[in-house]
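Report on one structure; see the data block that follows.
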Amino acid sequence: MRKPYPTDLSDAEWSCLEPHLPVPKATGRPRIHSQREILNAVFYVLRSGCPWRLLPHDFPPSKTVFHYFRAWRIDGTWERMNRAIRERLRTRIGRNPEPSAGIVDSQSTKTTGVGGEERGYDGGKKIKGRKRHLLVDTEGFVLKARVHSAKLLDQEGIKPLLERAGEQFLRLKHLWLDSAYRGNGKGKSWVEKSLGWTVELVERPRKPAAEEVLKLWAKEWSKEGVMVDWEKLLPPRGFIALPRRWVVERTFAWLSHNRRMSKDYERLCATSEAFVYAAMTRLMVRRLARV
């Protein structure tokens with residue numbers, strides 16, 4: 001009996017995940033390692049950030065664990081598990097299983113020197129690597145994830161993210177986006193024309209004018225006997241929790257708690273997407289076991 005790790009599934013968490021795993025085939029060699037041990041090993045890699053080959057020896061062999069992780073990525077098990085647990089959790093907290101509104105945003109992440117597909121330079125964030133593009137519901141749970149090159153602008157990256165969203169999420173009718181999704185035939189307008197959804201752009205408060213101009217205005221008004229505090233005309237300094245935008249930013253913070261996702265270490269974008277679904281499944285199943 002191996003020693004327990006903090007990332008191990010509890011009995012309640014395993015009972016939530018077990019029905020959504022692929023059923024073992026009736027033919028072939030009998031399975032040596034249980035699916036629970038495989039999941040524990042995947043979550044250990046995700047949380048600790050260690051390479052597959054450096055898995056502790058009391059887990060199943062790293063080749064076996066990676067084989068199952070890859071097979072479940074190819075057949076869509078990670079995405080299906082994420083959806084099933086999300087629907088159960090939304091029902092448990094009194095929400096409709098299918099969301100009617102969502103938020104879209106992206107996060108640029110650095111990549112390593114291992115090579116691979118879809119890598120580029122994000123001039124806005126000054127980061128060379130990839131973007132994680134997420135569609136989340138109003139609770140912050142991931143509906144859809146797409147990883148692509150960081151050089152792809154947000155207004156273009158939303159198209160592969162939502163290309164089949166209308167078929168997968170039948171109740172979804174409204175989106176909140178930031179100002180990066182402006183553009184003729186792109187971003188906001190593309191969603192409204194192609195999907196028929198309503199879109200609301202949530203932008204940061206803008207300055208009425210430059211500080212030097214405001215000081216000049218205040219000086220001229222004071223000559224007429226009107227005292228104006230020009231600093232009160234400026235938007236608040238520091239972090240501002242913008243309506244609905246903070247929800248998806250919190251989701252990125254949840255993902256960043258996993259060291260494997262501190263950077264994009266993967267050769268394939270599909271592997272990065274599978275880790276997003278695995279991380280959210282782990283987070284939601286822990287909540288589901290508590291409520």
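Considering only segment 153-183, how many residues are in a loop (DSSP other than H, G, I, E, B) and in contact with a Pro (Cβ under 9 Å, 6 or more places away or on another chain)?
3
I'm told Ser179 meets every condition in (1) within 17 Å of the chain's Cα centre (by Cα); (2) within 23 Å of Leu242 (Cβ to Cβ) except one. Can you identify the failing condition by its number?
The single condition Ser179 does not satisfy is (1).
Which residue, of Glu13, Glu37, is open to solvent by less than 100 Å² (accessible area, probe 1.4 Å) and either in contact with a Ser or Thr (Cβ under 6 Å, 6 or more places away or on another chain) or farther than 15 Å from Phe69 by Cα (or both)?
From the options Glu13, Glu37, the qualifying one is Glu13.
Kindly indicate the residue of segment 201-254 that is of a type in the set (A, V, I, L, M, F, W, C) and at pLDDT 75 or above and also surrounded by the most Cβ atoms within 10 Å (Cβ to Cβ) among those meeting that condition.
Here the residue is Val248.
Residues Leu39, Leu46, Leu17: which one is part of a helix (DSSP H, G or I), at pLDDT below 95 and within 26 Å of Arg146 (Cβ to Cβ)?
Answer to the selection: Leu17.
For segment 44-68: of the residues being under 19 Å from the mean Cα position of the chain (by Cα) and buried (at least 19 other Cβ atoms within 10 Å of the Cβ), which is farthest from Arg2 (Cα to Cα)?
Leu46
Taking segment 262-286 as the search range and keeping residues that are farther than 12 Å from Met81 by Cβ, charged (D, E, K, R) and assigned to a helix (DSSP H, G or I), which one is modelled with the lowest pLDDT?
Arg286
Please go through segment 184-200 and pick out each residue that is of a type in the set (A, V, I, L, M, F, W, C), out of contact with any strand residue (DSSP E or B) (no Cβ under 8 Å at 6 or more places or on another chain) and either open to solvent by less than 30 Å² (accessible area, probe 1.4 Å) or assigned to a loop (DSSP other than H, G, I, E, B) (or both).
Within segment 184-200, just Leu195 meets the criteria.
What are the residues in segment 30-54 that are within 14 Å of Ser10 (Cα to Cα) and of a type in the set (D, E, K, R), if any?
If the condition is that a residue be within 14 Å of Ser10 (Cα to Cα) and of a type in the set (D, E, K, R), then Arg36, Glu37 are the ones that fit.
Has segment 120-129 got at least one residue that is under 23 Å from Arg73 (Cβ atoms), of a type outside the set (A, V, I, L, M) and in contact with a helix residue (DSSP H, G or I) (Cβ under 7 Å, 6 or more places away or on another chain)?
no
Which members of segment 123-134 meet the condition of being surrounded by 23 or more Cβ atoms within 10 Å (Cβ to Cβ) and hydrophobic (A, V, I, L, M, F, W, C)?
Listed by number, the list holds a single entry, Leu134.
Does at least one position in segment 104-127 carry a residue that is touching a His at 6+ places or on another chain (Cβ under 6 Å) and small (Gly, Ala, Ser)?
Yes, segment 104-127 contains at least one residue that is touching a His at 6+ places or on another chain (Cβ under 6 Å) and small (Gly, Ala, Ser).
Pull out all pairs, ordered by first then second residue, where Cβ-Cβ is under 9 Å, the residues are six or more apart or on different chains, the first lies in segment 77-95 and is surrounded by fewer than 19 Cβ atoms within 10 Å (Cβ to Cβ), and the second is of a type in the set (Lys, Arg).
Pairs that qualify, where the first residue is surrounded by fewer than 19 Cβ atoms within 10 Å (Cβ to Cβ) and the partner is of a type in the set (Lys, Arg), are Arg92/Arg287; Ile93/Arg287.
Between a residue in segment 249-274 that is among the hydrophobic types (A, V, I, L, M, F, W, C) and any residue that is open to solvent by 80 Å² or more (accessible area, probe 1.4 Å) and part of a loop (DSSP other than H, G, I, E, B), which pairs come within a Cβ distance under 6 Å, given they are 6 or more apart or on different chains?
Cys269/Glu118
Output yes when any residue across segment 103-119 is open to solvent by 80 Å² or more (accessible area, probe 1.4 Å), assigned to a strand (DSSP E or B) and touching a Lys or Arg at 6+ places or on another chain (Cβ under 8 Å), and no when none is.
Yes: segment 103-119 contains one or more residues that are open to solvent by 80 Å² or more (accessible area, probe 1.4 Å), assigned to a strand (DSSP E or B) and touching a Lys or Arg at 6+ places or on another chain (Cβ under 8 Å).
Applying the selection to segment 136-152, what residues are in contact (Cβ under 8 Å) with a residue 40 or more places away in the chain and assigned to a strand (DSSP E or B)?
Residues satisfying the conditions are Val136, Asp137, Val142, Leu143, Ala145, Arg146, Val147, His148.
Which one of Gly116, Gly102 is touching a Phe, Trp or Tyr at 6+ places or on another chain (Cβ under 8 Å) and closer than 23 Å to Ala150 by Cβ?
Being touching a Phe, Trp or Tyr at 6+ places or on another chain (Cβ under 8 Å) and closer than 23 Å to Ala150 by Cβ holds for just one of Gly116, Gly102, which is Gly102.
In segment 270-283, how many residues are among the hydrophobic types (A, V, I, L, M, F, W, C), under 18 Å from Asp75 (Cβ atoms) and open to solvent by 10 Å² or more (accessible area, probe 1.4 Å)?
Looking only at that region, the number is 1.
The values are calculated or read from the model by the stated rules, or taken from the named source; none is laboratory data. All figures in this text were calculated on a predicted structure; none of them were measured in a lab. Ideal geometry is used to build each Cβ from the backbone, glycine not excepted, and the neighbour counts take in all protein chains shown. Heads up: the accessible areas ignore ligands, DNA and RNA and are worked out on the full protein's heavy atoms, side chains in. Shrake-Rupley method; radii C 1.70, N 1.55, O 1.52, S 1.80 Å.
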